[in-house]
Every structure is written in C-alpha cells, then in structure tokens.
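The values are calculated or read from the model by the stated rules, or taken from the named source; none is laboratory data. Keep in mind it's a predicted model, so treat the numbers as computed, not measured. Virtual Cβ from ideal backbone geometry, glycine too; neighbours counted across all protein chains shown.
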Amino acid sequence: MLIKQISVFLENKSGRLAEVTKILGENNIDISALSIADTTDFGILRLIVNNPDMAEKVLRENEFTVSSTDVIGIGVEDKPGGLNKALSVLEKSDIGIEYMYAFVGKASDEAMVIIRVDDSDKAIETLKNGGIKVLSPESVYKL
C-alpha cells in the first residue's frame, strides 16, 4: 500500500519548475499531487505521478537530482474534523508524521492526503484498524 513519491532537488531560479513539468508532459507523465518546500537557494519538489519509475528516469536523463520515497495515501471524510480523525489514530499509536500534503482527486466525498511517517508498516496497520481508508498505489497513480 506504499505509494512511490518522486522528489526533485531544484535550484531556486526562474524556469526550473517549468522545465520539470515540460519534461514530464513530453513523456506523458501525469501529476496527481505535488508539494514544494523551498529556501532562498533551492527547493524540494515532491510529486505523485502516474508513472514514477519513468518520471525518475527522464528527470535523471535531464540532469535533475531525483530520489524516490515511499509515502502513504489516505482518504478522509471531506468535512470538518475528517483529517483530525486520521491524525488522532496515528497520534494514539505514537506514529510521528514527517510531512504531509493534500491533493484533489476525482472522489467528491473525500479529501486525499499524502503522509510520510517514521514507520510506514505500523502506520498502515494502525490507520486500517482505525477505520481510515488507505489508498492503493494504483488508485492514486490513475487519478
């Protein structure tokens, strides 16, 4: 149930993000979710795409620094307190969250969230046991 996330190290200069999206588009790679964390000099672009192996390959071929990370995708009720339910389940089991970001999917009654945790296997089991929907990689990649 782990989803492969692509992380791209970007110099913080005009056009670098556009270059990444151009390369992905030219290779028929669709972006489902993204997050950017930046500083004055550089940024980390985190991507969920429909073909993570190909994305990693073509970005490396174009001299980007790329890595992949396993993350978890969850679907939470799209209403006040929906995200808190999932976070409370993790907190009760002492599972730390390194980072998270939400994304838009095609489901109208759910908010979809990507989380990176310190113990993925324990987190997946805990979330499922807590009644939280854990998304399959296939369902996320085709969004």
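Here is how the numbers come out for the structure above:
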quantity	calculated
Selection from region 100-138 of residues that are hydroxyl-bearing (S, T, Y) and touching a residue at least 60 places away in the same chain (Cβ under 8 Å)	Y101, S120, S136
Answer residue from region 103-117, given it is surrounded by fewer than 16 Cβ atoms within 10 Å (Cβ to Cβ) and touching a strand residue (DSSP E or B) at 6+ places or on another chain (Cβ under 9 Å) and is modelled with the lowest pLDDT among those	A107
Residue under evaluation S120, criteria (1) among the polar types (S, T, N, Q); (2) more than 23 Å from N50 (Cα to Cα); (3) in contact with a strand residue (DSSP E or B) (Cβ under 8 Å, 6 or more places away or on another chain), criterion not met	(2)
Qualifying position, being among the charged types (D, E, K, R) and either loosely packed, with under 13 Cβ neighbours inside 10 Å or modelled with pLDDT of 90 or more (or both), among R16, R46	R46
Residues within region 23-40 that are more than 11 Å from the chain's Cα centre (by Cα), closer than 17 Å to N12 by Cα and of a type outside the set (A, V, I, L, M, F, W, C), tallied	3
Pairs, first closer than 21 Å to V140 by Cα in region 75-91, second among the hydrophobic types (A, V, I, L, M, F, W, C) and part of a loop (DSSP other than H, G, I, E, B), C-beta under 6 Å, six or more apart	G75/L135; A86/I132
